[in-house]
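Structure first, commentary second.
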Amino acid sequence: NATVFFSLPARCIYVGRVRPDATLQSLGSKTSTCHTYGPDMPTPKKMGEDKRRPELHGHCIYGGDKRPVSYKVVGPVTRRTSTKKRLLRLLILRPSKYMDGNRPVYSHKAYLLTSDFSLPAVDLLNFYLMRWSIECNHRAAKTDAKIGQAQSRVPKSVCGVHPAMAAAFALLWVCILKLNGGTARTEAF
């Protein structure tokens with residue numbers, strides 16, 4: 001996580017999952033040179049269960065529709081192990097209900113850390129929920145384009161795996177579109 005977090009390009013924000021039992025700290029007082037760590041905070045799971053923290057409501061687009069979401073925002077927090085003393089916000093996304101036959105079923109809560117304090121939490125949740133289409137694209141690239149077997153451990157090679165995967169998969173889609181005669185979804189598509 002620290003590798004990703006501290007290697008973000010300019011104007012990029014971090015939104016990533018964190019474990020429900022992760023250790024978070026509040027930021028302590030500022031000394032002459034830097035901040036100190038404050039006391040350990042409750043785990044994200046305990047903060048999500050805390051009735052004293054207000055639950056906020058909004059709408060996000062996922063599953064092809066605009067749906068209501070409930071969430072909590074906690075911050076600023078920091079992680080001693082991976083983010084050093086950089087301030088983060090914790091977003092706790094309440095599980096959504098879906099039907100399994102005739103009975104309602106709930107997914108699990110999502111615990112997210114973000115480096116951004118300026119965007120509304122609903123926008124950050126929308127960005128997080130958009131990742132599903134990216135995950136589907138990665139899965140298709142790994143299975144259809146057979147790129148999933150890259151065992152890169154050398155840092156220079158690791159940096160080249162994802163661009164190569166994206167280029168190969170994009171080339172595959174260009175070939176499909178050319179064979180199909182355009183972007184119209186016919187039976188051949």
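The values are calculated or read from the model by the stated rules, or taken from the named source; none is laboratory data. Just so we're clear, the structure is a prediction, and the values are computed from it rather than from any experiment. For neighbour counting, all protein chains shown are included, and Cβ atoms are generated from backbone atoms with ideal geometry for every residue, glycine included. For accessibility, only protein heavy atoms count, side chains too; no ligands or nucleic acids. Shrake-Rupley method; radii C 1.70, N 1.55, O 1.52, S 1.80 Å.
With respect to the numbered conditions (1) open to solvent by 20 Å² or more (accessible area, probe 1.4 Å); (2) at pLDDT 90 or above; (3) in a strand (DSSP E or B), which one is the sole condition not fulfilled by Lys45?
(3)
Could you check the stretch 55-78 and list, in sequence order, the residues that are touching a residue at least 12 places away in the same chain (Cβ under 8 Å) and assigned to a loop (DSSP other than H, G, I, E, B)? Steps first, please.
Residues of the stretch 55-78 touching a residue at least 12 places away in the same chain (Cβ under 8 Å): 55-62, 67, 69-78.
Passing the criteria: only Glu55.
In the stretch 96-108, is there at least one residue being surrounded by 16 or more Cβ atoms within 10 Å (Cβ to Cβ) and modelled with pLDDT of 80 or more?
No, the stretch 96-108 has no match at all.
Among the polar types (S, T, N, Q) and modelled with pLDDT of 75 or more - does that describe any residue in the stretch 127-142?
No, the stretch 127-142 contains no residue that is among the polar types (S, T, N, Q) and modelled with pLDDT of 75 or more.
Tally time: how many residues in the stretch 1-19 are assigned to a loop (DSSP other than H, G, I, E, B), open to solvent by 50 Å² or more (accessible area, probe 1.4 Å) and among the hydrophobic types (A, V, I, L, M, F, W, C)?
Total satisfying the criteria: 5.
Would it be correct to say that Phe117 is open to solvent by 70 Å² or more (accessible area, probe 1.4 Å), in contact with a Leu (Cβ under 9 Å, 6 or more places away or on another chain), at pLDDT 90 or above and closer than 22 Å to Ala22 by Cβ?
Spelling it out, Phe117 is indeed open to solvent by 70 Å² or more (accessible area, probe 1.4 Å), in contact with a Leu (Cβ under 9 Å, 6 or more places away or on another chain), at pLDDT 90 or above and closer than 22 Å to Ala22 by Cβ.
Are there any pairs with C-beta distances below 7 angstrom linking a residue in the stretch 4-17 that is more than 21 Å from Ile92 (Cβ to Cβ) to a residue that is surrounded by 10 or more Cβ atoms within 10 Å (Cβ to Cβ) and not small (Gly, Ala, Ser), with the two at least 6 apart or on different chains, and if so which?
Leu8/Tyr14
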